[in-house]
Amino acid sequence: MRVVLLGPPGAGKGTQAQRVADALSVSRVSSGDLFREHRERGTELGRLVGTYMDRGALVPDEVTIDMVMDWIDDPDRRRGFVLDGFPRTLAQAKALDGRLGRQEPIDTVLYMDVSVEELTRRLTGRLLCRECQTPYHESFSPPSREGECDHCGGDLYRRTDDMPEAVGRRIEVYKDQTEPLVAYYRARGNLVEIDGQGSMEQVADALIHALRQGGAAPTRQS
Ligand code: AP5
């Protein structure tokens, strides 16, 4: 099964992606995590994307598409996958459709909707593990030990793009460039809207329930 998690910054895509992938027994990837790994390793790509990420802008399509397509091309992904944060523009969505072709289209797009006030609360309190990228929140899901990841013991840090100014910019960019994908996938018949406003457990249950119900009927490209 091939699933896309779609939603604004802070909707909970990263929090839910592993649960959804585990439920489907497939791999998952976050384009944001891949970029952050490049930045941590100090690669040329990491230096390039840093200038966009820190100011809350999108990384250019050609760079992003190449990186995610490389991930999708791994033979392990033939069983399916969960994409978190990709596609994020119409050009990316069309490139993905083109690569998957008619035989293996995206089955379900899970669209997580959350109010701007709640997004801001979530992002400005977020902490992230430097090693395994697990997200925490200082109030809603604090780690057992301050500053330390429950899963791997890695250091927790705040993303530079979670500062209030960058958060506002990211939400604007989302509305301008990513929200049109809701209509794009709705027209294809494979969009399922989930209320992302509830607790993490409620949202997880709603996502898994939607997938068990078959999500939406897969739309084969004609
Ligand atoms: P990326 O890392 O993808 O950031 P994002 O889409 O802005 O999403 P976030 O990671 O901020 O939010 P999320 O929905 O995953 O929420 P989370 O689960 O962490 O991208 C970063 C940057 O990389 C972009 O700005 C861009 O520059 C670049 N980029 C990435 N992909 C790109 C692409 N395809 N094209 C171009 N550029 C790209 O949750 C947030 C917080 O809320 C956490 O603290 C969590 O604990 C808490 N929380 C989650 N769910 C709940 C809940 N139900 N109740 C209470 N708290 C909750």
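The values are calculated or read from the model by the stated rules, or taken from the named source; none is laboratory data. What you are looking at is a predicted structure, and each value in this text was computed from that prediction instead of being measured. Glycine also receives a Cβ, built like all others from the backbone with ideal geometry; neighbour counts cover every protein chain displayed.
Residue by residue, here is whether (1) within 12 Å of the ligand (Cβ to nearest atom); (2) outside any loop (DSSP other than H, G, I, E, B); (3) under 21 Å from V29 (Cβ atoms) holds:
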position: Y136; (1), (2), (3): yes, yes, yes
position: C152; (1), (2), (3): no, no, yes
position: V167; (1), (2), (3): yes, yes, no
position: L181; (1), (2), (3): yes, yes, yes
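Among the residues of segment 183-204, write down those that are part of a helix (DSSP H, G or I) and surrounded by 14 or more Cβ atoms within 10 Å (Cβ to Cβ). Quick ask: steps written out before the conclusion?
So the first thing to find is which residues in segment 183-204 are part of a helix (DSSP H, G or I), and the list is 183-188, 200-204.
If the condition is that a residue be part of a helix (DSSP H, G or I) and surrounded by 14 or more Cβ atoms within 10 Å (Cβ to Cβ), then Y184, Y185, R186, R188, M200, V203, A204 are the ones that fit.
Before we move on, is D70 surrounded by fewer than 20 Cβ atoms within 10 Å (Cβ to Cβ) and under 28 Å from S115 (Cα atoms)? Steps first, answer last, please.
Numbers: surrounded by fewer than 20 Cβ atoms within 10 Å (Cβ to Cβ): yes; under 28 Å from S115 (Cα atoms): no.
Here the answer is no, as D70 does not meet what is asked.
Filter segment 138-150 for residues that are of a type outside the set (S, T, Y) and in a loop (DSSP other than H, G, I, E, B) and give the result. It would help to see each step written out before you state the result.
Step one: of segment 138-150, the residues of a type outside the set (S, T, Y) are 138, 140, 142-143, 145-150.
Within segment 138-150, E138, F140, P142, P143, E146, G147, C149, D150 meet the criteria.
Which condition number does T134 fail, the rest of (1) within 21 Å of R55 (Cβ to Cβ); (2) surrounded by 14 or more Cβ atoms within 10 Å (Cβ to Cβ) being met?
Only one criterion in (1) within 21 Å of R55 (Cβ to Cβ); (2) surrounded by 14 or more Cβ atoms within 10 Å (Cβ to Cβ) is unmet by T134, namely (1).
Among the residues of segment 24-45, count how many are surrounded by fewer than 17 Cβ atoms within 10 Å (Cβ to Cβ) and out of contact with any Gly (no Cβ under 9 Å at 6 or more places or on another chain).
Summing the residues that are surrounded by fewer than 17 Cβ atoms within 10 Å (Cβ to Cβ) and out of contact with any Gly (no Cβ under 9 Å at 6 or more places or on another chain) in segment 24-45 gives 4.
Any idea how many residues of segment 66-96 are more than 16 Å from the ligand (Cβ to nearest atom) and either in contact (Cβ under 8 Å) with a residue 24 or more places away in the chain or outside any helix (DSSP H, G or I) (or both)? Quick ask: steps written out before the conclusion?
Pass one, segment 66-96, residues more than 16 Å from the ligand (Cβ to nearest atom): 73-80.
Next, only the ones that are either in contact (Cβ under 8 Å) with a residue 24 or more places away in the chain or outside any helix (DSSP H, G or I) (or both) stay: 73-74, 76-77, 79-80.
The number of residues fulfilling the criteria is 6.
Residues of segment 183-205 being touching a residue at least 60 places away in the same chain (Cβ under 8 Å), more than 12 Å from A93 (Cβ to Cβ) and either of a type outside the set (A, V, I, L, M) or more than 9 Å from the ligand (Cβ to nearest atom) (or both), which ones? Lay out the reasoning, then the answer.
Taking segment 183-205 first, the residues touching a residue at least 60 places away in the same chain (Cβ under 8 Å) are 184-185, 190-197, 200, 203-204.
Going one step further and asking which of them are more than 12 Å from A93 (Cβ to Cβ), we end up with 192-197, 200, 203-204.
Result: V192, E193, I194, D195, G196, Q197.
Only one of R55, R158, R99 is more than 18 Å from the chain's Cα centre (by Cα), surrounded by 13 or more Cβ atoms within 10 Å (Cβ to Cβ) and within 12 Å of the ligand (Cβ to nearest atom); which?
Details: R158 fails: more than 18 Å from the chain's Cα centre (by Cα); R99 fails: within 12 Å of the ligand (Cβ to nearest atom).
So the residue among R55, R158, R99 that is more than 18 Å from the chain's Cα centre (by Cα), surrounded by 13 or more Cβ atoms within 10 Å (Cβ to Cβ) and within 12 Å of the ligand (Cβ to nearest atom) is R55.
Looking at L83, is it within 17 Å of L5 (Cα to Cα) and modelled with pLDDT of 95 or more? Give the steps one after another, and end with the answer.
Details: within 17 Å of L5 (Cα to Cα): yes; modelled with pLDDT of 95 or more: yes.
Yes, satisfied.
From the list V63, V3, V49, V26, which one is among the aliphatic types (A, V, I, L, M), farther than 23 Å from L90 by Cβ and more than 6 Å from the ligand (Cβ to nearest atom)? Don't jump to the end; show me each part of the working.
Details: V63 fails: farther than 23 Å from L90 by Cβ; V3 fails: farther than 23 Å from L90 by Cβ; V49 fails: farther than 23 Å from L90 by Cβ.
Answer to the check: V26.
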